[in-house]
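Reviewing the structure listed below.
The values are calculated or read from the model by the stated rules, or taken from the named source; none is laboratory data. Just so we're clear, the structure is a prediction, and the values are computed from it rather than from any experiment. Ideal geometry is used to build each Cβ from the backbone, glycine not excepted, and the neighbour counts take in all protein chains shown.
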Amino acid sequence: MGCSSYPERRSPTRGCKRSILHLAVTLIVLCSTSTVSAAQEMILSVAISMKDAIEELGRQFERARPTVVLRFNLGASGELQKQIEAGAPVDLFISAAERQMDELEKKGLILSATRRTVARNVLTVIVPIDSRLGLRQAEDLLKPQIHRIVIGNPKTVPAGQYAEACLRTLNLWERLTPKLVFSENARQALEYVSRGEVEAGFVYATDAAMRIGRTREAFQPPIESYPPVTYPAAVVVGSRHPVIAQAFLDLLSSAEGQRVLSRFGFLPPSPGGRR
């Protein structure tokens, strides 16, 4: 009797392996689909001067909510405002000035009831770390050795708007205009100074603290020479996740949120400020 008289025997191991592999692939696909559908992606448009603090708070927020994914859209507040006006899918907006938030509110593009101030800041003038120009007050910027002064573009950058207001109050705007270089946002102004491409620059105190060792503070202009630097935040009309956006806003105003903001140099909202 030869082997050919017996029916062919299939290896049960092969069939089993094939079934297990098919099941594993199916489970992976199902799990991936479930994860994608369960994830709640929230988009935050945030003034770039708040980048580091907001990202740290974002990590805390995500750890407490495993199904939430935060996407940060960072830039000049004026540019972020234009994006929202153009219909960008934003859930929460944090501006570095009231002006941009006021304009969005007038157009009915934020939920007014959610608007609140979450932090404050101040302007400072910085110079490269090796500068020997001896700047001690705004009038010193008129020195002939000062050829380039960077400020944020006042058309879109709140830091630049504050700097312009300061220089106008001090009757220096017209005289310093030929020396001014405009940056796209507050952080870019900081980079220009840290790389020695300009002799001085107007930035926020919180930004100046990011480049210790490469820049140093020359002086702080009189705080009464420009409007208060405040950071209003609000949920955007049409947000896909308004409840989550409100929860993040609550975190910013909480004791923990304020502790993190303070560590990055931000001041707390003024007592009695808008909630």
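Quick check: is even one residue across the stretch 156-171 among the hydroxyl-bearing types (Ser, Thr, Tyr) and surrounded by 17 or more Cβ atoms within 10 Å (Cβ to Cβ)?
Scanning the stretch 156-171, I find at least one residue that is among the hydroxyl-bearing types (Ser, Thr, Tyr) and surrounded by 17 or more Cβ atoms within 10 Å (Cβ to Cβ), so the answer is yes.
For a quick check of your reading of the model, give me the residue pairs whose first member lies in the stretch 229-245 and is farther than 15 Å from Gly78 by Cα, whose second is small (Gly, Ala, Ser) and surrounded by fewer than 24 Cβ atoms within 10 Å (Cβ to Cβ), with beta-carbon atoms closer than 6 Å and at least 6 apart or on different chains.
That search, which allows pairs on different chains as well, returns Ala245/Ser239.
Does the stretch 61-74 contain any residue that is in a strand (DSSP E or B), closer than 21 Å to Tyr162 by Cα and in contact with a helix residue (DSSP H, G or I) (Cβ under 6 Å, 6 or more places away or on another chain)?
Yes: one or more hits.
Among the residues in the stretch 238-261, are any under 17 Å from Leu92 (Cβ atoms), part of a strand (DSSP E or B) and touching a Pro at 6+ places or on another chain (Cβ under 9 Å)?
Among the residues of the stretch 238-261, not one is under 17 Å from Leu92 (Cβ atoms), part of a strand (DSSP E or B) and touching a Pro at 6+ places or on another chain (Cβ under 9 Å), which makes the answer no.
Kindly check whether there is at least one residue in the stretch 53-70 that is under 12 Å from Val236 (Cα atoms) and at pLDDT 95 or above.
No, the stretch 53-70 has no match at all.
Could you please find all residues in the stretch 222-234 being closer than 15 Å to Gly152 by Cβ and surrounded by fewer than 23 Cβ atoms within 10 Å (Cβ to Cβ)?
Tyr226, Pro227 - these are the residues of the stretch 222-234 that are closer than 15 Å to Gly152 by Cβ and surrounded by fewer than 23 Cβ atoms within 10 Å (Cβ to Cβ).
Starting from residues that are within 14 Å of Tyr226 (Cβ to Cβ) and surrounded by fewer than 24 Cβ atoms within 10 Å (Cβ to Cβ), keep the ones in the stretch 172-209 and report whichever is farthest from the chain's Cα centre (by Cα).
By that ranking, first place goes to Leu172.
Within the stretch 87-102, how many residues are more than 16 Å from the chain's Cα centre (by Cα) and either buried (at least 17 other Cβ atoms within 10 Å of the Cβ) or of a type in the set (Lys, Arg) (or both)?
1
Tell me whether the stretch 250-271 contains one or more residues that are among the acidic types (Asp, Glu) and in contact (Cβ under 8 Å) with a residue 24 or more places away in the chain.
Yes, the stretch 250-271 has at least one match.
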